[in-house]
Every structure is written in structure tokens, then in C-alpha cells.
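Beneath this line is the structure, given in C-alpha cells, with notes to follow.
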Amino acid sequence: MIEVVLNDRLGKKVRVKCNDDDTIGDLKKLVAAQTGTRADKIRIQKWYTVYKDHITLKDYEIHD
């Protein structure tokens, strides 16, 4: 179980607990449940790399 910290462009931070074998799409659903934003409107990126929905967190080397 890992804890991923995400922030939006307004400075609000969200902490989500998930497994490292979850996909980015699963992570978006968890974030959507906490923030109230629709999952299809969420875009997860780091710098200029936009993460694709079907790839797992482990493949992107996202960890605690």
C-alpha cells in the first residue's frame, strides 16, 4: 500500500492510498471520489509527461 500525494493547479493537495499495481485510471477514480471532480476530467501529469490510464503505477515508478 502506497500513499500518493497529488495537487491541483489551485494548490489543493489530495492524499490517496492505493496499491502499486493499480492503474492510473484507478487512481483517477480514487481522486475523483475525494475531490468531487469527474474522473474523465482529471489529468495526472508530472512536469510535461501526461500519464496514460492503462499503465500501472509500478510501470511509471511511482512509489512513496
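The values are calculated or read from the model by the stated rules, or taken from the named source; none is laboratory data. This one's a predicted model, so the numbers in the text were calculated from it and none came from an experiment. All Cβ positions, even for glycine, are placed from backbone atoms using ideal geometry, and neighbour counts span all protein chains on display. Heads up: the accessible areas ignore ligands, DNA and RNA and are worked out on the full protein's heavy atoms, side chains in. Shrake-Rupley method; radii C 1.70, N 1.55, O 1.52, S 1.80 Å.
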Near K52, which lysines are there with a Cα under 18 Å away, not counting those fewer than 8 places off in the same chain?
K28, K29, K41
On the accessible surface of the chain, probed at 1.4 Å, how many percent belong to carbon and sulfur atoms?
48
Given a 1.4 Å probe, how much area per residue of the chain is accessible, in Å²?
80
Could you work out the relative contact order of the chain, using alpha carbon pairs under 8 angstrom and six or more residues apart, expressed as a whole percent?
35
Projected onto the charge dipole of the chain (unit charges on the beta-carbon of Lys, Arg, Asp and Glu, signs +1, +1, -1, -1), the Cα from Y51, L27, A39 with the largest positive-side position is that of A39
Using 16 Å as the cut-off for backbone N distance, which residues of the stretch 9-33 belong to the label zone defined by a point 7 Å from the Cα of V50 along Cα→Cβ?
9, 24-25, 28
Using only Cα atoms and rounding to the nearest 10 degrees, what angle (0 to 90) does helix 24-35 make with the longest principal axis of the chain?
30
Let me spell out the model: positive unit charges on the Cβ of Lys and Arg, negative unit charges on the Cβ of Asp and Glu, origin at the Cα centre of the chain. What dipole size does that give, in debye rounded to 20?
480
Using DSSP to define loop residues, name the trypsin sites (Lys or Arg not before Pro) in the chain whose beta-carbon has at most 11 other beta-carbon atoms within 10 Å.
R9, K12, R38, R43
